[in-house]
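In what follows, a single structure is set out as structure tokens and then discussed.
The values are calculated or read from the model by the stated rules, or taken from the named source; none is laboratory data. Small disclaimer: the values here were computed from a predicted structure and weren't measured. Please note: Cβ atoms are built from the backbone with ideal geometry, for glycine as well, and neighbour counts cover all protein chains shown. Just the protein is used for accessible areas: all its heavy atoms, side chains included, with ligands, DNA and RNA removed. Shrake-Rupley method; radii C 1.70, N 1.55, O 1.52, S 1.80 Å.
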Amino acid sequence: MRLLITAGPTREHIDPVRFISNRSTGKMGFALAERAAARGHTVTLSAGPVSLATPATVRRLDVVSAVEMLGAVRAELPAADALIMCAAVADWRPRSSHPVKLKKREMSATLELEPNPDILLTVKPAK
């Protein structure tokens, strides 16, 4: 089988050095990818920012944000026989991301957020 697996967190940037995220390690998705590859499956792993080594024979696509992960899933899903969603995708992202580091005095104590796309809902087939 050709498997597409997502793993790890996503990061939603406020500016180039600040972001909101979660503590996902990606270990579950990487373990599934490793076992599936060991059993002879062709595995593509879409991984958020993690410090895990890519399992042997697994094709890894590094992404950062939820929107990037959605793009990777959309691009790879047509060639996959199955999708396994293990990533801890951020539910929210800043309404705007600043291209340069903000100075503390330039920052607001309020962060405006907007919802990220639900990847699984977005790619599931219509009934």
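The loop-placed trypsin sites (Lys or Arg not before Pro) in region 83-115, going by DSSP, that have at most 10 neighbouring Cβ atoms within 10 Å of their Cβ come out as Arg95, Lys103. Accessible surface computed residue by residue for the chain, with neighbouring protein chains in place and a 1.4 Å probe, gives 62 Å² per residue.
For the chain, the antiparallel share of DSSP beta bridges with both residues in that region comes to about 25%.
The phi torsions of region 53-59, fed into the Karplus equation with coefficients 6.51, -1.76 and 1.60 and a -60° offset, translate into couplings of 6, 6, x, 4, 6, 8, 8 Hz, rounded to whole numbers, with Gly and Pro shown as x.
The H on the amide N of Ser46, modeled in the peptide plane, is under 5 Å from the matching H of Ile5, Thr6, Ala7, Leu61, each at least 5 residues off or on a different chain.
Each of Ile20, Leu52, Gly40 was scored by the projection of its Cα onto the charge dipole of the chain, and the greatest displacement toward the positive side belongs to Leu52; charges sit on the C-beta of Lys, Arg, Asp and Glu. Based on the Kirkwood approach, the hydrodynamic radius assigned to the chain is 15.5 Å, with every pair of different Cα atoms included. Axis of helix 66-76 versus longest Cα principal axis of the chain: the two differ by about 30°, to the nearest ten degrees.
Dipole magnitude for the chain: about 220 debye, using +1 per Lys or Arg Cβ and -1 per Asp or Glu Cβ, origin at the Cα centre. Loop-located trypsin sites (Lys or Arg not before Pro) in region 22-91 (DSSP state other than H, G, I, E, B) with a sparse environment of at most 13 neighbouring Cβ atoms within 10 Å: Arg23, Arg39.
Accessible surface of Asp62, taken over heavy atoms with a 1.4 Å probe and every protein chain present, rounds to 110 Å².
With +1 on each Lys and Arg Cβ and -1 on each Asp and Glu Cβ, how big is the dipole of region 35-78 about its Cα centre, in debye rounded to the nearest 20?
Values: 5 positive and 3 negative charges, 45 e Å.
The calculation lands at about 220 debye.
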